[in-house]
Amino acid sequence: MIRKPLIYNYNNVLAHNVGNRTGISTEEILSYERRTKRIHESLAAEREGGTLPFYDLPEKKGDLKEIKKLGEEIKKEMGDRLENLLVIGIGGSSLGGIAVTRALCHPFYNLLPHETRKTPRIFFAENIDPDEITGLFDIIDPETTLVNVISKSGSTAEPMANFLLFQKHMIDKIGEERYKHRVIATTDPKSGTMREIANDLGLRTLKVPPGVGGRFSVLSQVGLFPAYMAGVDIDALAAGASAMVKRLNTDDLLKNPAYLNAVIHYHLHIKKGVNMAVLMPYSTALAEVAGWYRQLLAESLGKKFAQSGEIVYCGQTPIKAVGAVDQHSQIQLYREGPEDKIITILSVENFKNFLNIPSLYKEFEGISYLGGHTLNELFEAEKRATAHALVKSQRPVLEITLPEINPYTLGQLFYFYEVQTVFAGCLYNVNPLDQPGVEAGKQYTYSLLGRKGYEDVWKKEVGPEESDPTYIIR
Ligand code: PA5
């Protein structure tokens with residue numbers, strides 16, 4: 001496993017490369033130095049005061065021990081019968097686990113034979129799509145399944161509905177006693193409905209650390225237990241994050257890539273109208289890291305109110321893209337559409353495999369040039385070519401390079417983006433840890449389903465006529 005630091009390259013966001021309209025000058029960057037020092041100091045004080053516990057997750061060795069102990073206990077109990085791990089959760093409770101396992105497991109992990117995998121197939125029940133959930137019933141045998149239900153609040157409608165459904169599915173087949181040994185609840189250590197249910201049923205539990213919101217929980221038991229069960233080296237993941245803890249422990253803007261990344265995004269957003277932030281890994285394995293990043297940015301920085309109470313309608317729109325596939329879907333827009341995007345390319349220096357493209361069809365000049373090259377060379381060439389084309393069109397491009405996709409580099413990347421996001425919250429002066437905008441929709445749903453205390457919310461809001469039929473075409 002290569003244990004090297006991520007490389008952060010901001011050459012191509014500089015005004016002398018992409019022009020003044022969409023770029024940032026070195027003087028502009030340096031103008032944030034004093035503010036950076038102030039924010040660094042206040043974040044350090046908050047961290048010290050215990051209000052930002054996500055910062056210290058990489059050092060929580062006890063949590064890793066608990067995960068391993070529980071994981072081994074389950075493997076011993078279930079032995080070869082452990083064929084499926086079903087993770088029930090949504091948003092921050094599932095996106096981290098999805099990102100880690102997709103990045104670090106075999107690309108077709110679930111399709112590998114049991115003897116090759118040696119660890120259970122992994123499924124995530126996130127959505128409440130009845131066809132998808134029925135599909136899961138079809139392929140998940142309760143006899144061979146472990147469920148990990150994850151909910152910090154323990155009352156989010158989607159995971160709770162799926163939890164109830166799978167509980168019935170499992171109990172019908174294996175009975176309540178055996179079911180109880182097949183569920184791990186990851187939830188708040190003290191409070192919440194899920195905690196109460198777990199206590200009542202006597203379920204084994206893991207914890208969502210107090211004060212750590214879902215989208216900052218990938219390096220806690222939330223993201224790490226599913227990863228461990230799928231065979232990921234969670235010590236290396238934590239070690240990578242710890243290395244980033246050290247790297248980011250400086251108030252020197254030019255030496256702190258997370259702060260610099262926040263400053264560049266913030267400045268281009270506020271001063272140049274660059275209101276979209278694309279994350280485009282040139283790697284299929286990292287596609288879901290872009291999904292995780294999208295939620296982290298959107299829920300943390302998309303805010304109506306500043307901390308001062310002023311209305312600000314803040315936040316860049318994060319976009320998930322994947323190279324080279326999205327060259328054939330989105331690059332046309334990124335190059336020639338509005339000048340409102342900053343694109344971060346996630347590069348991988350060393351892939352696990354090299355594939356030589358066969359030299360065939362010498363008579364066809366249109367494809368014969370491919371022969372003799374590796375697929376790796378083609379991937380690299382396409383990435384460089386796309387970045388250059390974007391820069392030529394004066395579109396700001398950042399590049400973050402992972403020496404290799406492995407737990408150590410991934411741990412660095414998660415921590416890097418978490419710190420960047422919290423720092424950006426300070427630049428915008430919004431609270432990156434809350435998500436009040438999600439509340440209204442939740443309350444309307446409760447009302448529509450008749451939850452006690454919410455009966456009238458919907459009627460008061462919408463009245464008897466939800467949509468004027470005049471404007472509906474059938
Ligand atoms: O990041 C967040 O805080 C949210 O996305 C939550 O993780 C998500 O709403 C699920 O919440 P809970 O874990 O309470 O079920």
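The table below gives the values:
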{"read-out": "Hits in region 411-441 - residues which are more than 30 Å from A103 (Cβ to Cβ) and of a type in the set (D, E, K, R)", "value": "E439"}
{"read-out": "Positions within region 168-188 being farther than 23 Å from V438 by Cβ and either within 11 Å of the ligand (Cβ to nearest atom) or under 27 Å from the mean Cα position of the chain (by Cα) (or both), in sequence order", "value": "R182, V183, I184"}
{"read-out": "Residue that is farthest from E66 (Cα to Cα), among those in region 226-279 that are part of a loop (DSSP other than H, G, I, E, B) and of a type in the set (D, E)", "value": "D252"}
{"read-out": "Yes/no for I90 being in contact with a Cys (Cβ under 8 Å, 6 or more places away or on another chain) and under 21 Å from A290 (Cα atoms)", "value": "no"}
{"read-out": "Count of residues meeting criterion [closer than 30 Å to V212 by Cβ and surrounded by 12 or more Cβ atoms within 10 Å (Cβ to Cβ)] in region 450-474", "value": "3"}
{"read-out": "Among the candidates A157, A161, A125, A185, residue that is in contact with a Ser or Thr (Cβ under 9 Å, 6 or more places away or on another chain), small (G, A, S), touching a residue at least 24 places away in the same chain (Cβ under 8 Å) and over 28 Å from K76 (Cα atoms)", "value": "A157"}
{"read-out": "Members of region 16-48 found to be within 17 Å of C426 (Cα to Cα) and not in a helix (DSSP H, G or I), listed by number", "value": "S31, Y32"}
{"read-out": "The one condition in (1) assigned by TED's automatic domain parsing to the domain that holds M276; (2) within 16 Å of the ligand (Cβ to nearest atom) that Q443 fails to fulfil", "value": "(1)"}
{"read-out": "Flag if L253 is in contact (Cβ under 8 Å) with a residue 24 or more places away in the chain, within 16 Å of the chain's Cα centre (by Cα) and closer than 20 Å to V419 by Cβ", "value": "no"}
{"read-out": "Hey, S191 out of contact with any helix residue (DSSP H, G or I) (no Cβ under 6 Å at 6 or more places or on another chain), within 16 Å of the ligand (Cβ to nearest atom), under 30 Å from L301 (Cα atoms) and hydroxyl-bearing (S, T, Y) or not", "value": "yes"}
{"read-out": "Search result, residues across region 143-159 that are within 14 Å of the ligand (Cβ to nearest atom), surrounded by fewer than 23 Cβ atoms within 10 Å (Cβ to Cβ) and part of a helix (DSSP H, G or I)", "value": "A157, E158"}
{"read-out": "Residue list for region 1-24, restricted to those being touching a Pro at 6+ places or on another chain (Cβ under 9 Å) and among the polar types (S, T, N, Q)", "value": "N12, N17, T22"}
{"read-out": "Filter result (under 22 Å from Q295 (Cβ atoms) and over 13 Å from the mean Cα position of the chain (by Cα)) within region 93-122", "value": "L104, C105, I122"}
{"read-out": "Failed item, numbered, when N162 is tested on (1) outside any loop (DSSP other than H, G, I, E, B); (2) within 15 Å of the ligand (Cβ to nearest atom); (3) in contact with a helix residue (DSSP H, G or I) (Cβ under 6 Å, 6 or more places away or on another chain)", "value": "(3)"}
{"read-out": "Inter-residue pairs, beta-carbon under 9 Å, first at positive phi and in region 193-213, second assigned to a loop (DSSP other than H, G, I, E, B), 6+ apart", "value": "G211/G50; G211/T51; G211/L52; G211/L433"}
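The values are calculated or read from the model by the stated rules, or taken from the named source; none is laboratory data. Worth saying up front: this structure is predicted, and the values here are computed from it rather than measured. With ideal geometry, Cβ positions are generated from the backbone for all residues, glycine too; neighbour counts draw on all protein chains shown.
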